[in-house]
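The values are calculated or read from the model by the stated rules, or taken from the named source; none is laboratory data. Since this is a predicted model, take the numbers as computed values, not measurements. Every residue, glycine among them, receives a Cβ derived from its backbone with ideal geometry; neighbour counts consider all protein chains shown. Each accessible area value is taken on the protein alone, full model and side chains, heavy atoms only, with ligands, DNA and RNA left out. Shrake-Rupley method; radii C 1.70, N 1.55, O 1.52, S 1.80 Å.
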Amino acid sequence: MLEAIRYSRGTLALLEQRKLPFEEEWVRIGSCDDGWRAIRDMTVRGAPAIAISGMLSLAVELVDGGEGRQFASVEEARGWILAKLDFLETSRPTAVNLSIAVSAMKSLLEQASRTSSATPESVVMLVVEEAEEMLRRDVSQNKVMGRHGAEALLLACQARGRVDTSGGKIRVLTHCNTGSLATAAYGTALGVVRALYERDALEVVYCTETRPYNQGARLTAFEIATDHMPGMLVCDSSVAALMRSNRVDAVVVGADRIAENGDTANKIGTFNIAVAAAYHNIPFFVAAPTTTVDVTLANGSFIPIEERSPEEITHFRGERVAADLPVWNPSFDVTPAAIIEGIITELGVAWKTRPDSGGLGGGYHLKRWLMANGADEAPMRRVIGEEGLLLDSELSNEGLETRDSSLLDFTPLSEQAAIEYVAARPHLAIHVGPTSESSDWTVEEVGDGNLNYVFIVKGSQGAVCIKQSPPYVRVIGAGWPLSQNRTEMEADALSEHGKHCPSLVPSVLHFDRDQHILVMQYIPPPHVGLRDGLCKGDVYPLLAGHLATFLSKILFKTSYLSMDMKEFRSMCVTFANEDLCALTEQVIFTEPYFESENNRHTPGLDDIAADIRGNNDLKLKAVEMKRRLIEKKQALLHGDLHTGSLLVCSDSTYVIDPEFAFVGPIGFDVGKIMANLAIAYIAASGQRHGEGGVQNQRAWLLDCVRDVWTGFSEGFSRQWVDLGSGSGSSSETSKSRALVWDEAKVDMPASYREQFLREVWDDTLGFFGCVIIRRIIGVAHVQDFESIEDVETRAACERRALLLAQDVMLGEFPDVHALLSAIQNA
């Protein structure tokens, strides 16, 4: 593979790229002055290579000068290095990689200079080693970027029907030079092409000549030929015609600077290509390291564009070849984010957040994306400044103070907008069908409509599920504001649950923090919502086992009994979920016990509703359960586990909708699902399924209540025993857990685990009763009772459930068999 930088400690040589492809000359760089000239005169070019060459020129001068011995003090070394860094930064103002590298080196220098043991030698060598690390890091990151990019281009082409989903080769166009000659090695955009070639997915790569300096003709074509990739050189002005002849499947280019919204500065002519690609519905990608993103610039209008010498256009080999007219020779242009399909980085692909019809329009929020995808905060702080990073409300959870603006800005997805949203994103469209067929896709709004908008988008190759959160409780309207961050909680919870129970949780395909849209795996028929199936009289023999597995695995693996305590505390912060926890406290433990305007109940229940609101013991119990909900931080809960949050068929179960997820008492999830099964048991007696069908279903529901508890408690206890005995994985048994049996060699008796589970059982009973009461006299009711058409029959069933709830909350139920008897007698 070609290289543009040859370095060993104390020596640096740069390939003289202006003489390629006819002559290979290496220019020795012995100082920052040499490095500055090489960058300014384009001996070295390409934003990553510019940054690395600049830092290595500093390293060489420091080593050759004496490795720190040339300075009398740390302060002298610091001042000299700072001055050289400032000088190097002036060589190319558009290439943000150099600016970021300078900022990073300055920060390192300041830290090194402040240590009590600092010497001129230690400071100098730390700077040298960091410059060398930049070189090594660029190579490895480029290869990762290449893999991400190859996958993105193939997905985009598959989504447009340009290549078969089972495989095939694509035709790619690139501009300027973004390969080994523009980086430490491998390349950015040309690295993506190399990755396609390595996986036998490249039919041909077209490189433009890239006027006026001909980097494409001189350098990219040279790299393509040297690496024996199938390639073809084309004139800049022929690109639109080439696309019109249906010979290009995708475009990938590099970048010299990317603004926060995704507007991208790259070699002049890039904008022309992007416009032609948009017209021909050809995906246009940018590939660049995250250091190319300048989050301090809101959009491309703030990117400085340097102008090159007029002689680059008017002269050839020193001879004038153009008429004597004024010359405009900008080195770069800015491509609007609206026509960039995705931005490929070493962290993954950033996709547009707000496309409109046809995938055009919209842009990116790269600051959010970088933070969400693990970008190093230190370089971002150096670019943004401490205050801007730490106080930026765009990166923090939405609070009450932002709700008014969110109400104004929110636009709910329509059915057509849901289709367009998927079609604009290749990594989603691949699950549905070619975007050329998107006019034939269908969409259906599903869900209960209480909180969110939920759509199923279907095409010839499958479907996806889309959920969007409005900034309010949907069933109530704007009068009840609610944080939209619940979709983020749901995405994070699904990911966490999927680690432990992948067969019981749908996969997350995409999360859009800007529009609060979550796209998930579609769970196809014959799966139905469990509540719908129960109301039809159906039974699901494997349900209890699946629920017990989910509860025992999730509630143990995410508990302080199992997790590293640092990770557990971090999880508590991540899943604080303040608004939805407040909603839970309000609708389950507060409003049902007084005359709230949100409450409602079936006619005929006035007396028992009044009795509940007048029963001080019962209200004290509700207060006690609310206290436990708030204080007990035991495990990551689903938070809203009921028969409406399960998709089932005869042989599989999926647990969905964990947007209420928070760290709380284990008994809350267990009690809530058991309460909903008890509701279904009581409601079945009022539904018309035939006497035999009702009896069969009710017997099965009782078994479910029993088996959920016994399966959960046994599975939970078994994992605890396995972990304590060291039979779990080595990574698990080495963790610093909250309890001390590992470190202090405590013999954990069975009685201790039994006592823990007895406390969980007590919590389960209290939550069981509270959940039933809120579903009958609170704000949100359930289909189980609501589907009973005869009002008197419905009221009679609900009355029996309310009496059961009160008995369970205030009575003594030592085990699950006692609870089953109470349910059966209700």
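Taking region 108-141 as the search range and keeping residues that are free of Cβ contacts under 8 Å to residues at least 12 places away in the same chain and not in a helix (DSSP H, G or I), which one is most open to solvent (accessible area, probe 1.4 Å)?
Ser116
Taking interchain pairs and intrachain pairs at least six residues apart, which have beta carbon atoms under 6 angstrom, with the first residue in region 450-464 and farther than 12 Å from Thr435 by Cα and in contact (Cβ under 8 Å) with a residue 24 or more places away in the chain and the second among the aromatic types (Phe, Trp, Tyr) and open to solvent by 20 Å² or more (accessible area, probe 1.4 Å)?
Here the result reads Ala463/Tyr522; Val464/Tyr522, each pair linking region 450-464 to a residue that is among the aromatic types (Phe, Trp, Tyr) and open to solvent by 20 Å² or more (accessible area, probe 1.4 Å).
What is the number of the single condition among (1) open to solvent by less than 10 Å² (accessible area, probe 1.4 Å); (2) in contact with a Ser or Thr (Cβ under 8 Å, 6 or more places away or on another chain) that Glu75 does not meet?
(1)
For a quick check of your reading: which helices (runs of 4 or more DSSP H) sit entirely within region 360-460 and have at least 3 residues that are in contact with a His (Cβ under 8 Å, 6 or more places away or on another chain), modelled with pLDDT under 50 and farther than 27 Å from Ala159 by Cβ?
none
One residue is enough: does region 28-35 have a residue meeting the conditions within 25 Å of Gly191 (Cβ to Cβ), modelled with pLDDT of 95 or more, in contact with a helix residue (DSSP H, G or I) (Cβ under 8 Å, 6 or more places away or on another chain) and of a type in the set (Val, Ile, Thr)?
Looking for residues that are within 25 Å of Gly191 (Cβ to Cβ), modelled with pLDDT of 95 or more, in contact with a helix residue (DSSP H, G or I) (Cβ under 8 Å, 6 or more places away or on another chain) and of a type in the set (Val, Ile, Thr), one finds at least one in region 28-35, hence yes.
Going residue by residue through region 159-168, is there one that turns out to be open to solvent by less than 50 Å² (accessible area, probe 1.4 Å) and part of a helix (DSSP H, G or I)?
Yes, some residue in region 159-168 is open to solvent by less than 50 Å² (accessible area, probe 1.4 Å) and part of a helix (DSSP H, G or I).
Return the pair list, or none, for Cβ contacts closer than 8 Å from residues in region 1-14 that are farther than 19 Å from Asn177 by Cα and assigned to a loop (DSSP other than H, G, I, E, B) to residues that are open to solvent by 20 Å² or more (accessible area, probe 1.4 Å) and among the acidic types (Asp, Glu), at least 6 apart or on different chains.
Listed pairs, sorted by first residue: Arg9/Glu132; Gly10/Asp64.
Filter region 325-354 for residues that are free of Cβ contacts under 8 Å to residues at least 40 places away in the same chain and touching a helix residue (DSSP H, G or I) at 6+ places or on another chain (Cβ under 7 Å) and give the result.
Result: Val327, single match.
Being charged (D, E, K, R), under 20 Å from Thr183 (Cβ atoms) and crowded, with 21+ Cβ neighbours inside 10 Å is the filter; apply it to region 224-282 and report the residue that is farthest from the chain's Cα centre (by Cα).
Among them, the one singled out is Lys267.
Need at least 1 residues that are touching an Asp or Glu at 6+ places or on another chain (Cβ under 8 Å) per element, so show me which helices (runs of 4 or more DSSP H) inside region 178-249 make the cut, counting only ones lying wholly within it.
189-198
Any residue that is at pLDDT 95 or above, touching a strand residue (DSSP E or B) at 6+ places or on another chain (Cβ under 7 Å), crowded, with 18+ Cβ neighbours inside 10 Å and assigned to a helix (DSSP H, G or I) - is there at least one of those in region 88-107?
Among the residues of region 88-107, not one is at pLDDT 95 or above, touching a strand residue (DSSP E or B) at 6+ places or on another chain (Cβ under 7 Å), crowded, with 18+ Cβ neighbours inside 10 Å and assigned to a helix (DSSP H, G or I), which makes the answer no.
So in region 644-662, with the set limited to residues that are touching a Pro at 6+ places or on another chain (Cβ under 7 Å) and in a loop (DSSP other than H, G, I, E, B), which one is most open to solvent (accessible area, probe 1.4 Å)?
Taking the candidates together, the pick is Ile656.
Output the residues belonging to region 485-503 that are under 17 Å from Thr549 (Cβ atoms) and either open to solvent by 10 Å² or more (accessible area, probe 1.4 Å) or without any contact (Cβ under 8 Å) to a residue 40 or more places away in the chain (or both).
Glu496, Gly498, Lys499, His500, Pro502, Ser503
Go over the candidates Asp617, Asp607 one by one and state the one that is exposed (fewer than 13 other Cβ atoms within 10 Å of the Cβ) and touching a residue at least 60 places away in the same chain (Cβ under 8 Å).
Asp617
Among the residues of region 663-689, which ones are modelled with pLDDT of 95 or more, touching a Ser or Thr at 6+ places or on another chain (Cβ under 8 Å) and open to solvent by 10 Å² or more (accessible area, probe 1.4 Å)?
none
Taking the conditions exactly as written (open to solvent by 40 Å² or more (accessible area, probe 1.4 Å), touching a strand residue (DSSP E or B) at 6+ places or on another chain (Cβ under 8 Å) and farther than 27 Å from Ala112 by Cα), does Arg28 satisfy them or not?
yes
Could you tell me which residue of region 559-570 is modelled with the lowest pLDDT, considering only residues that are closer than 20 Å to Glu659 by Cα and open to solvent by less than 40 Å² (accessible area, probe 1.4 Å)?
Looking at residues that are closer than 20 Å to Glu659 by Cα and open to solvent by less than 40 Å² (accessible area, probe 1.4 Å), I get Phe568.
Taking the condition touching a strand residue (DSSP E or B) at 6+ places or on another chain (Cβ under 9 Å), surrounded by fewer than 19 Cβ atoms within 10 Å (Cβ to Cβ), farther than 30 Å from Ala13 by Cα and not acidic (Asp, Glu), does Val204 pass?
It is true that Val204 is touching a strand residue (DSSP E or B) at 6+ places or on another chain (Cβ under 9 Å), surrounded by fewer than 19 Cβ atoms within 10 Å (Cβ to Cβ), farther than 30 Å from Ala13 by Cα and not acidic (Asp, Glu).
Tell me which of these Ser53 doesn't satisfy, since it passes every other one: (1) on the phi > 0 side of the Ramachandran plot; (2) within 41 Å of the chain's Cα centre (by Cα); (3) of a type outside the set (A, V, I, L, M, F, W, C).
Going through the list (1) on the phi > 0 side of the Ramachandran plot; (2) within 41 Å of the chain's Cα centre (by Cα); (3) of a type outside the set (A, V, I, L, M, F, W, C), Ser53 breaks only (1).
From Val573, Val623, Val587, which residue is open to solvent by 40 Å² or more (accessible area, probe 1.4 Å), within 19 Å of Phe768 (Cα to Cα) and outside any loop (DSSP other than H, G, I, E, B)?
Val623
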